[in-house]
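Below is one structure, written out as C-alpha cells; the observations come after it.
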Ligand SMILES: Nc1ncnc2c1ncn2[C@@H]1O[C@H](COP(=O)(O)OP(=O)(O)OP(=O)(O)O)[C@@H](O)[C@H]1O
Ligand SMILES: Nc1ncnc2c1ncn2[C@@H]1O[C@H](COP(=O)(O)OP(=O)(O)OP(=O)(O)O)[C@@H](O)[C@H]1O
Ligand SMILES: [Mg+2]
Ligand SMILES: [Mg+2]
C-alpha cells in the first residue's frame, strides 16, 4: 500500500524542548513508515495556517500540528474537514467551537504542570513548617500559552496558603540569558528575602542559578529552585544540588502520534484527549534518572 | 539602433519591477517542475489569501519608504488591531461595523501621531516607529495577555466565505487587499499627495523649496501606513478569528523586505507601489516552496529562505545592473 | 524703463538682518523692485545675495527688518507662502527632485488635471512646450537625474516661468549656461518684463548685467551698498563698489585678454588614443603637454564633461587607451587616476564635489588624505595649516576652517574644492567649469592661479562654457561637437566668432 | 535709502549668555543627560541602587550588573555605529552573535565528569583556537555582508536580512537546535570573570572602544567613513575607495558582534543558537540613534552609542527592579524611548526656552 502521508506543522525551533519534540516526531515517522511533510512556522500562527493550507492542497492523509496559540483555527480546520483530512493536535489544545474539527489531541497539560510544581512546593513547605516562603517567578514569553497556564496552575494551588507568597514576577522569555539577567535584578532588589525561585522552564532556571551563585548564595539551599520541562541540563543541575525539582513536560510524543495517525486513517475510534505520561523529578532521583534522559 | 532601444528599455524606471516579475514566474515554474501540484490554481490563490494582510501592510510601507522613511510599528499595530477588535466584539459586544470603523480610525491616528512626532520634533522615523512598535505591542497585553477568540457572526462569515473563482476560491480578505492595492497605485500615480511622497523621498529639502507641504505629506504618509496596518489587522482578524498580542511578530521586516524586493529603494523616491505585490508574492512563494518540499528541518528552512532570498536579490541586481542609483 | 519716482515698488525689503551661528550674513540689507524691470543683485561671493533671496522667499526667517509686497507687509514663513504671494524663484543650487521626471519637476504642486486625476499626457505636452520656449528639446518623461546640470538649470527656470507671479527671482541662473542659452533666457526675460513682471536677477557676469538689467543693487558684506541705474554706473565703478576699495584700473572685463603663460613644453603628460564610451563619447585623441592649458570648448552636451570623467576614471572607458608618462594605463576608478597625479574638479559642486556637513578643513584635505592612504593620517596641525593657507590664499569667506562647507556661499565652496585638488599637487588638473558661480574678482584670481600653476609645470584641462575665458587661458583649444572632438587649434588661431563657427560645424573662416 | 534702525544689542545679548553654557550644546550632552535622569530615578526608586560592595574579591552591585549586561550591546552598537555612518544598516548582528557563540561553545564543548559530586571540566579544542575560529566565523559573516553591499550593491537591509535569516539557521544546524553547554572553566572568564575587581567584559568593551576610537582619530578612517556616508558620489570622486571602506565597516561590525557572541556565551556558560542575540540588532540601532548618530549616515559618535547602550540597559534593569508587571514592560520602554528622543530634539529645546522666557 502507499505509505501514509502526514503533514506536520511545527511551531518553530525556539528551544531545546521543541527540537526534541521535532526529533521525536521525525524518528517515529521513519520507524512507522509514514511519509512526513514537515513545515516550520518560525513561531508564527499565520505561517502555520499557510502550511496547513498547502498540506490540504497536497492532499496529505492526515494533518498534525502544534498550535502556536489556542485561538483562531476555525476557518482553516473547516477547510481541512471539507477536504476530509483528519487533524490531530499535539502539545497544545485549540479553542474551537466545533470540537469535531479535530479528531484528537495528544499532549501535556500546562496548567497541570504548574499545579504539580506548586504541589511539590507545598509538600516541601510542610516539612519546614516554621518558615515563610517568598517566591520569585520567572515567567515565559508574555502572552504565550505555557506561560499563562503554568502561572495560573501554580497560583491556583498556592492561593490558599498564606505562607507562600509570590513577591516578584517578571518575564525571562524562556531563555537562559534573560533568566539570568532578571534574576540578577531580583537578587539586587530583594536580596535575602527570596526563598524560592519558580521558573516556567528549565532554561531560565539554569540561567537564574548562575545569577544566584554569582550573588554568593547557594541555589538549591539558600534559594529553592523549582522548574518545569525536565531537560538534560536540569538533571545535571539537580545532580550538583543546585536545582530542587523539575516537573516533566515530555516532548517525546512521536511514537504515540504516529500510532494515533495510523489508527485515525484506518478508521479506528480514538480518544479525544491523550495525555502523555509525565513525571515529577526531585533532585534525589536525578542521578538515577539522568542516563534515561534523551533530550 | 536596437542596441540603443535595449538600453533605453533597461534604463526605464520600471525595469527592475519587470525583472522581479520575471524572476517570480521563473521561480514558480521551477518549483512547479519540482513539486507537482504547486502550480494548481488553488495554491496560487492561496498565495493571495494567505498573504492578503501582508500585501496591505506592504502597500502602506511602500508609501513610507518612498517618502524616505520607515515604519517599524506595523506588525504591532496589526496585533493591537486584532486585540481591540476581539475585545470590543467579545467583551463589549459592539456591532462589527462600528468596531472596524473605530480600529481603522485608531490605526490612522496612531500613524499620524508618529508622523507628527517625526515631523515636528525632526526625529528619525526609525526610532519613533520603533517606540511605536513597543507601545502598540505593549498595549495589546494591557487589553489581555491571553488570546481572545472572535465569534461574531459577521467576522466568522468573512472568514469562512469562499468566493468561487475559476474553479478555485478566494477569500473576501484577498479581494479587499487587491482593492487596496489598486487604490494605492492610483493615489501614488494620479493624486498630488502621491507625487508629493515621491518628491519628498527624492529630496526633502528641494520639495520644501518647490513649495510642497512636506510636513503634511509626511504625517499623512504615516497615517496611511497606520491605516493600512489597521486594515491588515482587520483582515487578519477575519483570517484568524482571534485577537492576540503575539500575532504577526516580525511582520514589519517581511513588509520592508517585500517592498524592497519589489524594486523600491530604501533611500526613498524610487520605486512603485505595485512592486509590493510582486515582493509579497516572492516571499509567499518561497514559503510555499518550502512547505511543498516538506523535508526541511527548522534550521534548513531558515537557511533555504536565506539562500533563495540571496539568489533572488543577486539575480535581480545583476539583471538590472548599470541603472540603479544607490 | 519705468520711472522710479512715480511708480511704487512692487517689492521692498528694508533693514533685513540675518545671523547664522558665527556669521552675520545680512546686516541691514535691503532691496527695491519695481514692476516691469530687470534688477540685478551684485556682490562678491558671500556678500549675502542668496541669503537675502532666501529671506524673501520664506526659506529663512529674518532676525529683523520688513518686507513689503504691493504695499502690504508680508512675513513669508515658508516657500509655499512666498509662492502663493506670487513670488517665483530659481535658487542658486538647483533645487529639484532628481528622481522625478523633467515634466513633473516643472509641474509638481500644480498639476494639470483631468477628471480630478493628474493629466500626465497634458503635463508632458505642456512641459515640452515650455522647454521649447527655452529651446531645450529633451525627453520630458525621463528622470531629471539623467540630464546634466545645465539642463537641470533650464528645467528650474522653466518651472519658475510657469508660475503665475508678479515677482520672478533668479539666483545665478546662467552659471552653467552657454552664451546662446543665456541669450535665449534673456529674450524670455525681456518679454516677461514687458508684461510688467518684476525680475530679480543675480549674476557674477558683468556683461550679462549690462545686457539685461535696468537697475543694479550692490551688496557688500551683508549690507546694501547702494542702488544704481544701470546706465549711470560704469563697469569699473561697479567692481569697485562690490569690492569696497578702489582696485587698480586694470580692466576686469572678461572681454579683455590677460596674458597667459604660454611656456608649454613638448613632453606629453597625457595622451589618449581613441578613448571612447558607447553612447556617451565617440573616440577622442587628446594630448596634454607639460605646463600647458588645454581648453575644451563646445556646446552643452557636446561631451566635454564625459571626456573629463573618462580621463579621471570616474566612468570607465570601453575602448581606447590612456597613456601617461609614456606608459599605458587603465583607470577603473578615480583612485587610479589620482595615483597618476590627476585631479578633477567636477562641474556639479553640490552632488559631486562638496561633502556638505563636513568642515572646510576636512573637505580641503580629503583628496590629499585619500592619496596618502587611510593609515597615514595627516597630522591635525598640518591639516589646519593647509586649510588656513589655502583659505587665505584663495580668499575663502568662512567663519572658520571648522565650519561645515554647506554653510558657505556657493562661490566659496567652489574655492575650497579647487583647493582640495591643488593640495594634492597634481601633474594634470581637470577643471570642469571651475569659475561657475564665482565673482569677478575671484574669477580673475582663479584664472591667474591657473596660469601661474602652469608656469610651475602643472598641466590643466580647462572646460568652461564661457568662451572668452577658454580663449584667454588656453594654449591650445579642442573644440567638441556631438560628443566627439572636431578640431584642435593653437592660441591665437581662433577668436570668439570663429570658435562659434567651428562649434556650429562650419569650420574656421 | 531708508534704513531701519535695528537694536543689535538685544539680538546679541542672549547669544553672549549662551556662550557660557556652551556644553549644553555639545551633541553628547543630551544622551548623557537622559542617562543621568534615568540613574537619578533609580537612585530614589530603588534602594541601594548605587551601593557597591566587595564580594569574592570583586565589586558587586547594580551598576556593575548593568555595565556587565550592557557589554554585548555596547560592542554591537560600536560596530553598528560605523555601518550606520556609511548610510548602511546591519540587521544580522543577532545572527552573528548566535553563530560565533555556537562555534566557540561547540569547539570548546567539554563534558562534565562528576566524581563524587565534584564536577570536573575538560575542553575539546584548545581555547585560543576555538576563540579564533569563532571570531573567524564572524569575520566571514562580515565579509559576506560586505560583499553583498559593497560588491553587489544590494540595499544593506536586504543584504543583511539574508544572513539574519540564514545565519541563525546555520548556528542551529551546527547544534542540532540544542543548547550547547560549555564545561570549561577558563572560558567563563571572558563573560563572567573579573579583573582588578571589575568584569572582564568591561575591559573587552573598553579595549575595542579605544582601538576603534584611535582608529577613527589617528587614521583617516573616521573622516573617510563620514565622507562616504554624507556624499558617496563626491567621496568617490575625491579618490576614496568607497567599496573597500563599506566592506570594511561590515566586517568590523560582524567582528564586534562575534566578540559580543563570545561574551554572551561565556556568561551563560552555554550557546543557545535559538535565542542568543535575538533582536540585538534592534537594540543596537536604537543605541546608536539614542547616542545622536543619524541613520541617514555621516557624522557619528562612538561615545554617544556607548551612552545609548547604557540607557537601554539601565532602563531594562530599572523595569526589572521596580517590579513592573511584565505585561507593561513594553509600554514603559516605549514611553521612555519617546521621552528621551523628544527631549533630544532641537525643537523641544525651542519649546522649552519659549516657555521659560
Ligand atoms: N545656513 C547657513 N548657516 C551659516 N552660514 C550661512 C548659511 N547660509 C549662508 N551663510 C553665510 O552667509 C554669508 C552669505 O552667504 P550667501 O550664500 O548669501 O552669499 P552669496 O552672496 O549668495 O554668495 P555667492 O555669490 O557665492 O553665491 C556667507 O558668509 C555664508 O557663509
Ligand atoms: N540641449 C540638450 N538637449 C538634449 N540633451 C542634452 C542637451 N545638453 C546636454 N544634453 C545631455 O548631455 C549629455 C552629455 O553631456 P556632457 O555633460 O558630457 O556634455 P558637456 O559638453 O560636458 O556639457 P555641459 O556643458 O553640460 O557640461 C548627453 O547625454 C545629453 O543627454
Ligand atoms: Mg549665492
Ligand atoms: Mg559639462
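Global size of region D:60-331: 18.8, 71 Å for Rg and Dmax (C-alpha atoms, Rg to one decimal, Dmax whole). Beta bridges per DSSP, both residues in chain C: antiparallel share near 55 percent. Round to the nearest 10 and give me the degree value, 0 to 90, for the angle of helix D:93-108's Cα axis relative to the longest principal axis of chain D. Orientation of helix D:93-108: about 30 degrees from the principal axis.
Sorted ascending by nearby beta carbons within 10 Å, beginning with the fewest, D:29, A:235 become D:29, A:235.
Counting pairwise Cα distances across chain A, what percent come out greater than 31 angstrom? Value for chain A (Cα pairs over 31 Å): 33 percent. In plain terms, the C-alpha convex hull of chain B casts an average shadow of 18.6 nm² when viewed from every direction. Shown is the FRET efficiency for residue D:50 and residue C:402, computed with R0 = 41 Å from the Cβ-Cβ distance and rounded to the nearest 0.05: 0.55.
Take the Cα of residue D:40, step 7 Å toward its Cβ, do the same at residue C:237, and the gap between the two points is 6.5 nm. Spin-label model, residue C:484 to residue C:267: label points 7 Å out along the Cα-to-beta-carbon direction sit 3.4 nm apart.
Look at the stretch A:71-82: the mean tally of other chain Cβ atoms within 10 Å of its residues' Cβ atoms is 5. Spin-label pair residue B:165-residue D:207: with each label point 7 Å from Cα along the Cα-Cβ axis, the two points sit 6.0 nm from one another. Once the mean of 1/r is taken over each pair of separate Cα atoms and inverted, region A:119-197 shows a Kirkwood hydrodynamic radius of 13.3 Å. At an R0 of 25 angstrom, the distance between the Cβ atoms of residue B:116 and residue D:33 translates into a FRET efficiency of 0.55.
Taking every residue in B:152-165 and counting other chain Cβ atoms within 10 Å of its Cβ, the average works out to 1. Calculated FRET efficiency, residue C:501 to residue C:389, Cβ-Cβ distance, R0 = 41 Å: about 0.40 to the nearest 0.05.
Counting only other chain Cβ atoms within 10 Å of each residue's Cβ, the peptide A:53-62 averages 5. Working from Cα positions, state the angle (0 to 90°, nearest 10) between the long axis of helix A:16-32 and the longest principal axis of chain A. Helix A:16-32 and the main axis of chain A meet at about 30 degrees.
Across region C:123-230, the mean sequence separation of Cα contacts (distance under 8 Å, 6 or more residues apart), normalised by length, yields a relative contact order of 21 percent. Rg and Dmax over the alpha-carbon atoms of region C:359-425 stand at 11.0, 33 Å.
The P(r) of region C:11-243 has a tail past 33 Å containing 17 percent of all C-alpha pairs. For chain C, the longest principal axis of the Cα atoms and the long axis of helix C:179-194 meet at an angle of about 0 degrees. Shown here are the Rg and Dmax of the Cα trace of region B:134-279, at 18.1, 55 Å. The C-alpha atoms of region A:171-278 occupy a region whose extents along the principal axes are 60, 26, 19 Å, arranged from largest to smallest.
Legend: P(r) of region C:374-487 from all alpha carbon pair distances, 5 Å bins from 0, whole percents, reading 2, 10, 19, 21, 18, 14, 8, 5, 3, 0.
Put simply, the C-alpha atoms of region B:130-217 give a gyration tensor, and the ellipsoid matching it has half-axes of 37, 25, 9 Å, longest first. For region C:119-171, the direction-averaged projected area of the alpha-carbon convex hull comes to 4.1 nm². Computed from the C-alpha gyration tensor, the three semi-axes of the ellipsoid equivalent to chain C are 37, 27, 23 Å, from longest to shortest.
Taking Cα pairs under 8 Å and at least six residues apart, what relative contact order does region B:38-325 come out at, in percent? Show your work: numbers first, answer last.
Values: 493 pairs, mean separation 104.5, N = 288.
Once divided by the residue count of region B:38-325, the mean separation gives 36 percent.
Region D:182-318 gives an Rg/Rh value of 1.02, both radii derived from C-alpha positions and Rh following Kirkwood.
With the largest listed first and rounded to whole Å, the semi-axes of the equivalent ellipsoid of region B:236-326 from the Cα gyration tensor are 26, 20, 11.
Sorting B:89, C:69 by the number of Cβ atoms found within 10 Å of their own Cβ, with the fewest placed first, yields C:69, B:89. Each listed q (0.06 Å⁻¹) maps to a log10 I(q)/I(0) for the protein assembly as shown from the Debye sum over equal C-alpha point scatterers, namely -0.64. Panel order for B:293, C:137, by other beta carbons found within 10 Å of each beta carbon, from fewest to most: C:137, B:293.
Normalising the average separation of contacting C-alpha pairs (under 8 angstrom, six or more residues apart) by the number of residues puts the relative contact order of chain A at 18 percent.
Reducing region C:280-352 and region A:16-76 to their Cα centroids gives an inter-centroid distance of 63 Å.
Bear in mind that the values in this text are calculations on the coordinates, not laboratory data. Owing to the predicted nature of the structure, the values given are computational and were not obtained by experimental measurement. Cβ coordinates were reconstructed from backbone atoms using ideal geometry, including for glycine residues, and neighbour counts include every protein chain displayed.
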